[in-house]
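K.L.:
Dropping the structure in here first, questions after.
Each value in this text was obtained by applying a stated rule to the coordinates, not by laboratory testing. Computed from a predicted structure; not experimentally measured. When we count neighbours, we look across all protein chains shown, and the Cβ atoms used for this are built from the backbone with ideal geometry, even at glycine.
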Amino acid sequence: MSEALPDLTANLARGVETTRQRQAVELGIASAWVQWVRAGAPGASGCVVCGTMAAMQWHHAAGKFNSDLQVPVCEICHNRLSERQNGWDPRWQLEGNLPALRESLLLRGLSDLCEERARFRGSAYHEVGKRLRANYAAAARATI
């Protein structure tokens, strides 16, 4: 039995390392997706959140007064994203926000897009969304 224990430990270590490598790859994919979305999702075919090919609507990622960034989403995802925006700092609905606030709201919008995408594509999007949310919070505090 004592010989089996080192084998078990080695197998567990290999499994942990494989999982770490897979997570690193998935985080890279999720981060690349955020950059693609931030660039306006060029060449998108279907909803950038769930991938459906239903009728698309344009979602203002930071609200229409804070960024020109719009991405195609289906009606269901658009409703979820809009509901999230309604819980934001109320300044998101104001025109003429300072650039620092506008940028922080864009980070919040990208975070929400990641969180919604995580429903369909896994926890790496949730992790990236959490990181963006933390960056948003720090940037937003600086605007008060």
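K.L.:
Taking the 0 to 90 degree range and rounding to the nearest ten, how far is the long axis of helix 123-141 tilted relative to the main principal axis of the chain, both from C-alpha atoms?
P.N.:
The two axes meet at around 50 degrees.
K.L.:
Based on the alpha-carbon gyration tensor of segment 75-144 and its eigenvalue square roots a ≥ b ≥ c, which shape applies: rounded if a/c is under 1.5, prolate if not and a/b is larger than b/c, or oblate? Can you show the working numbers first?
P.N.:
Values: a/c = 2.99, a/b = 1.46, b/c = 2.04.
Verdict is oblate for segment 75-144.
K.L.:
For segment 89-144, which GluC sites (Glu not before Pro) pass both filters: DSSP loop (anything but H, G, I, E, B) and at most 15 other C-beta atoms within 10 Å?
P.N.:
Working: sites: Glu95, Glu103, Glu115, Glu116, Glu127; in loops: Glu95.
Of the GluC sites (Glu not before Pro), the ones in loops of segment 89-144 whose Cβ has at most 15 other Cβ atoms within 10 Å are Glu95.
K.L.:
Using a/c under 1.5 as the rounded threshold, could you call segment 21-144 rounded, prolate or oblate? The axes a ≥ b ≥ c are square roots of the C-alpha gyration tensor eigenvalues, and prolate needs a/b larger than b/c, oblate otherwise.
P.N.:
Values: a/c = 1.90, a/b = 1.24, b/c = 1.53.
Here segment 21-144 falls in the oblate category.
K.L.:
Ranked from highest to lowest mean number of other Cβ atoms within 10 Å per residue, what is the order of the peptides 69-78, 33-42, 129-138? All intermediate terms of the calculation are to be shown ahead of the outcome.
P.N.:
Values: 69-78: 19.8, 33-42: 15.0, 129-138: 16.7.
Order by mean packing, descending: 69-78, 129-138, 33-42.
K.L.:
Still on this structure, I have one more. Based on the Cβ-Cβ distance of Lys64 and Arg22, what FRET efficiency does E = 1/(1 + (r/R0)^6) give at R0 = 35 Å, to the nearest 0.05?
P.N.:
0.35
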